[in-house]
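Below: the structure, in structure tokens.
None of the figures in this text is laboratory data; all of them are computed from the coordinates on show. These numbers were taken from a predicted model, which means no experiment stands behind them.
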Amino acid sequence: MPRKKRIPLTLTEKLKKIKTAGLSATLPPNQYDPYQEKIDDLNKRIERVLGIFNKTVKTAEMVYFIMYDIENDKVRNLIAKYLKKNGCVRVQRSVFLTSSDREKFSEIHQTLKQVQEFYDNTDSIIIVPVTPDSIRTMKLIGQNINIDLALGNTNTLFF
């Protein structure tokens, strides 16, 4: 007998299931989180950021950061997966960068707003639009990567 094809659940449907099961899956600090996926190394993340930058210079899409502080592990991981599925690039554990048209921006904004309103919490989600000029002035502290050189912010003199 052939298996029925499963229809993928939306983010809000997944959250309803978690809410029904109980939203108490927060781990104590410094405890292993089996749901937390590893993120790429810094060089790969910078490369993806530069890809977004180069793409938006040539199109009319808007660039924005999405940052969150979400206490519940399951909700946090579902949001991270949702953002990655929608083309967002993870810059840090709770910071994503993406480029999209205004329609996609509105869709992501509305979905995240629904998540925030879905359960009683003290979480926060911040969406910050940035301009290509803002990205050009971005500085990286703490790693040995010359972001200015990668963004083309340096001048070269030939004699």
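Going down the list K5/K104; K5/K113; K84/K113; K74/K113; K113/K139; K4/K84, which pairs span over 24 Å between their C-alpha atoms?
K5/K104; K5/K113; K113/K139; K4/K84, as the Cα separations exceed 24 Å there.
Starting from the Kirkwood Rh over alpha-carbon pairs, what translational D in µm² s⁻¹ does the stretch 41-143 have by Stokes-Einstein at 25 °C and 0.890 mPa s?
It comes out at roughly 171 µm²/s.
When the Karplus curve 6.51 cos²θ - 1.76 cosθ + 1.60 is applied with θ = phi - 60°, which whole-Hz ³J(HN,Hα) does each residue of the stretch 98-106 get, with x for Gly and Pro?
8, 10, 7, 6, 5, 5, 5, 4, 5
Calculate one ³J(HN,Hα) per residue across the stretch 123-128 by plugging θ = phi - 60° into the Karplus curve 6.51 cos²θ - 1.76 cosθ + 1.60, and present them in order as whole Hz with x for glycine and proline.
6, 9, 10, 10, 10, 10
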